[in-house]
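Working notes, structure below.
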Amino acid sequence: MSSQYFKLFSTCIPVKGQSESLICDIEYGQIFPIPNLLFEILKSNKTKNIEQLKDAYNGKLDKGIDAYFNLFAEKNLGFYTDTPEEFPDLNLKWQSPYKIRNAVIEIENLENYSISNTLTQLNDLGCEGIQIRILTTIDLDALLAEFECVVGSRIKYIEIFLPFNADTPFEKLIKWRNFDPRITKIIQYNALEEKVIEYKENYYKDVFFLTKKSLSSTSKEQYSLDRFAFNIDTFAEAQKHNIGLNRKISIDSFGNIKNYLTHKSTFGNINDTLISNVINLTEFKKDWNTNNTKIEKCNQCQFRFSCVSNVEIIKKNRKHYKLEECNFNPLTNQWN
Amino acid sequence: MNNTKTINKTKLLSKKLEKYFPINYSLTQSPPLIRVRNIMSESQFHNDNGYLVGVISKPISNIF
């Protein structure tokens, strides 16, 4: 066996962190934490068979190498082979036909800007997902009328966050829920209780729940292991793009066009500016390609190809930083 | 001086090796395989004919 090679499956990709590394199984959405020393071994493993690999470490790691490789084979992360050249690495080149992939729309009233016009423009640009954040109690029937343009559109999913209102009949929300299959998530925030009304063992579809949490224009994002996206599309996009900001557009409650709601820069107002013009501006797209590998702290993190963060990126002395740091420290490998 | 450096380096390496590859290695000491949310495979959209028409690969934002 030792003259054989050990190969990880092409969708099981090691990622080095400052104090711990990962094998990301981007086909099955699994991760396997590994010591950095093992990451180095797996790197050398690409050109050496098992015997050569053990020799390279003077026989001191024989037991560990055998045990880990057997474990990987048992867990379906890799396999033994005599012909490693027949199993090339996965091509991680990423491209998308959509000019905009997702959007955040903030609504305070129905007068500040035309919601149906905004949705129509997003549809024309191929936008797949839209998050609607309603900040106040508004006439849901009138708002629903603005969504007529969504029926039969290219838009694939719409999430709706609205404030809890005890006076809103539940039937009205069900009407929203059943309006179109694209409405995949309805969350009522500022509720008196945490309650899941509909949940079907998946993340995006058929989710309808109440939460005590609040929402505002300055709401911060949360980071945790279960919020990361381990899949081929995201992992490939993250190689050269910022997976939070790339091809995203946000409209605040006044109609101002931004990369994301919490960012300071605005790029015109939706009332007099076409989204198609904004997304051609170099300044608007400047951080689309600033992936986590280019950002200080994130570049030391083993989750850098799966962490979706929309935080503003600042540049100081030719280095990129996130305006707000997350609660994971890659130096200590600890969550705060 | 050089010898001391080499010895220290070797000691450091040995410590690392002990931590990650204990002599009495047991598979139970290995880190667990963690199943995380695989948004793409769990969020597939099918049309009325049952054909896959789209998937969601990542959250738009992690607010809730």
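Counting only residues that are surrounded by 20 or more Cβ atoms within 10 Å (Cβ to Cβ) and of a type in the set (D, E), the range A:136-192 holds 1 of them. For first residues located in the range B:47-64 and facing chain A (nearest Cβ under 7 Å) and under 15 Å from A:Y223 (Cβ atoms), partners that are modelled with pLDDT under 65 and not in a loop (DSSP other than H, G, I, E, B) and lie 6+ apart or on another chain with Cβ distances below 8 Å form the pairs B:K58/B:I39; B:P59/B:I39.
Listed here are the residues, each with its yes/no results for (1) under 23 Å from A:Y28 (Cβ atoms); (2) in a helix (DSSP H, G or I); (3) among the acidic types (D, E).
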position	(1), (2), (3)
A:I155	no, no, no
A:F161	no, no, no
A:D167	no, no, yes
A:I186	no, no, no
A:L215	no, no, no
A:K240	no, no, no
A:I243	yes, no, no
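Look through the range A:135-161, keep the residues that are among the aliphatic types (A, V, I, L, M) and under 22 Å from the mean Cα position of the chain (by Cα), and return whichever of them is farthest from the other protein chains (Cβ to nearest Cβ). It comes out as A:I160. So is A:E221 more than 7 Å from chain B (Cβ to nearest Cβ), touching a residue at least 24 places away in the same chain (Cβ under 8 Å) and out of contact with any helix residue (DSSP H, G or I) (no Cβ under 8 Å at 6 or more places or on another chain) or not? When the stated conditions are applied, A:E221 does not pass them.
Residues in the range A:82-111 that are over 19 Å from A:H263 (Cβ atoms) and of a type in the set (S, T, N, Q): A:T83, A:N91, A:Q95, A:S96, A:N109. Taken together, the residues in the range A:224-244 that are more than 11 Å from chain B (Cβ to nearest Cβ) and surrounded by 15 or more Cβ atoms within 10 Å (Cβ to Cβ) amount to 3. Residues in the range A:284-303 that are over 15 Å from A:W335 (Cα atoms), buried (at least 21 other Cβ atoms within 10 Å of the Cβ) and under 15 Å from the mean Cα position of the chain (by Cα): 2 in all.
Screening A:L119 against (1) away from chain B (no Cβ under 14 Å); (2) closer than 30 Å to A:K7 by Cα; (3) touching a helix residue (DSSP H, G or I) at 6+ places or on another chain (Cβ under 7 Å) leaves a single unmet condition, (2). Pick from the range A:226-263 the residues that are among the charged types (D, E, K, R) and either in contact with a strand residue (DSSP E or B) (Cβ under 7 Å, 6 or more places away or on another chain) or modelled with pLDDT of 95 or more (or both): which of them is farthest from A:E108 (Cα to Cα)? Among residues in the range A:226-263 that are among the charged types (D, E, K, R) and either in contact with a strand residue (DSSP E or B) (Cβ under 7 Å, 6 or more places away or on another chain) or modelled with pLDDT of 95 or more (or both), the one farthest from A:E108 (Cα to Cα) is A:K240. For A:L192, the conditions (1) of a type outside the set (S, T, N, Q); (2) touching a helix residue (DSSP H, G or I) at 6+ places or on another chain (Cβ under 6 Å); (3) part of a loop (DSSP other than H, G, I, E, B) all hold with the exception of (2). The test for being under 27 Å from A:W288 (Cβ atoms), hydrophobic (A, V, I, L, M, F, W, C) and surrounded by fewer than 17 Cβ atoms within 10 Å (Cβ to Cβ) holds for A:L90.
The values are calculated or read from the model by the stated rules, or taken from the named source; none is laboratory data. These numbers come from a predicted model, not from an experiment. As a convention, Cβ positions derive from the backbone with ideal geometry for all residues, glycine included, and neighbour counts pool all protein chains shown.
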